[in-house]
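*Asks:* Attaching a single structure in structure tokens format; questions to follow.
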């Protein structure tokens, strides 16, 4: 399952619509193959990590979900290229 789909599923149902609006902004940058600016992608991934951390803090997202999602973001967009 894709990272953004996992995020949407991990958010409490009452907050999904609002969170989906924010996720679209991150998704446009991180999944756009035409954007080749690596710094922009890293910055956006770090902003997404911060957003998810905030969702976890406000209990909109569970801790177990946050840890897995954070790992996926790091592995997908922040890990050095092999």
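*Asks:* When you check residue 64 against the structure, is it surrounded by fewer than 17 Cβ atoms within 10 Å (Cβ to Cβ) and in contact with a strand residue (DSSP E or B) (Cβ under 9 Å, 6 or more places away or on another chain), yes or no? I'd like the intermediate steps shown before the answer.
*Replies:* Working: surrounded by fewer than 17 Cβ atoms within 10 Å (Cβ to Cβ): yes; in contact with a strand residue (DSSP E or B) (Cβ under 9 Å, 6 or more places away or on another chain): no.
For residue 64, the condition - surrounded by fewer than 17 Cβ atoms within 10 Å (Cβ to Cβ) and in contact with a strand residue (DSSP E or B) (Cβ under 9 Å, 6 or more places away or on another chain) - is not met.
*Asks:* Cβ-Cβ below 7 Å, separation at least six or inter-chain, first residue in the stretch 66-80 and at negative phi, second modelled with pLDDT under 90: which pairs?
*Replies:* Listed by first residue and then by second, the contacts come to 66/56.
*Asks:* Would you say residue 52 is in contact with a strand residue (DSSP E or B) (Cβ under 7 Å, 6 or more places away or on another chain) and assigned to a helix (DSSP H, G or I)? Give the steps one after another, and end with the answer.
*Replies:* Working: in contact with a strand residue (DSSP E or B) (Cβ under 7 Å, 6 or more places away or on another chain): yes; assigned to a helix (DSSP H, G or I): yes.
The answer is yes for residue 52.
*Asks:* When residues of the stretch 25-39 are filtered for being surrounded by 13 or more Cβ atoms within 10 Å (Cβ to Cβ) and more than 23 Å from residue 10 (Cβ to Cβ), how many remain?
*Replies:* Total satisfying the criteria: 1.
*Asks:* State all residues of the stretch 8-34 that are under 16 Å from residue 44 (Cα atoms) and in a loop (DSSP other than H, G, I, E, B); if no residue qualifies, say none.
*Replies:* Across the stretch 8-34, the qualifying residues are 31, 32, 33, 34.
*Asks:* Would you confirm, using the coordinates I've provided, whether residue 40 is in contact with a helix residue (DSSP H, G or I) (Cβ under 6 Å, 6 or more places away or on another chain) and part of a helix (DSSP H, G or I)?
*Replies:* On the way: in contact with a helix residue (DSSP H, G or I) (Cβ under 6 Å, 6 or more places away or on another chain): no; part of a helix (DSSP H, G or I): yes.
It is false that residue 40 is in contact with a helix residue (DSSP H, G or I) (Cβ under 6 Å, 6 or more places away or on another chain) and part of a helix (DSSP H, G or I).
*Asks:* Could you tell me which residue of the stretch 1-24 is surrounded by the fewest Cβ atoms within 10 Å (Cβ to Cβ), considering only residues that are touching a residue at least 40 places away in the same chain (Cβ under 8 Å) and closer than 14 Å to residue 73 by Cα?
*Replies:* 6
The values are calculated or read from the model by the stated rules, or taken from the named source; none is laboratory data. The structure presented is a predicted model; accordingly, all values stated were derived computationally and were not measured. Using ideal geometry, Cβ is built from the backbone for each residue, glycine included, and neighbour counts are taken over all protein chains shown.
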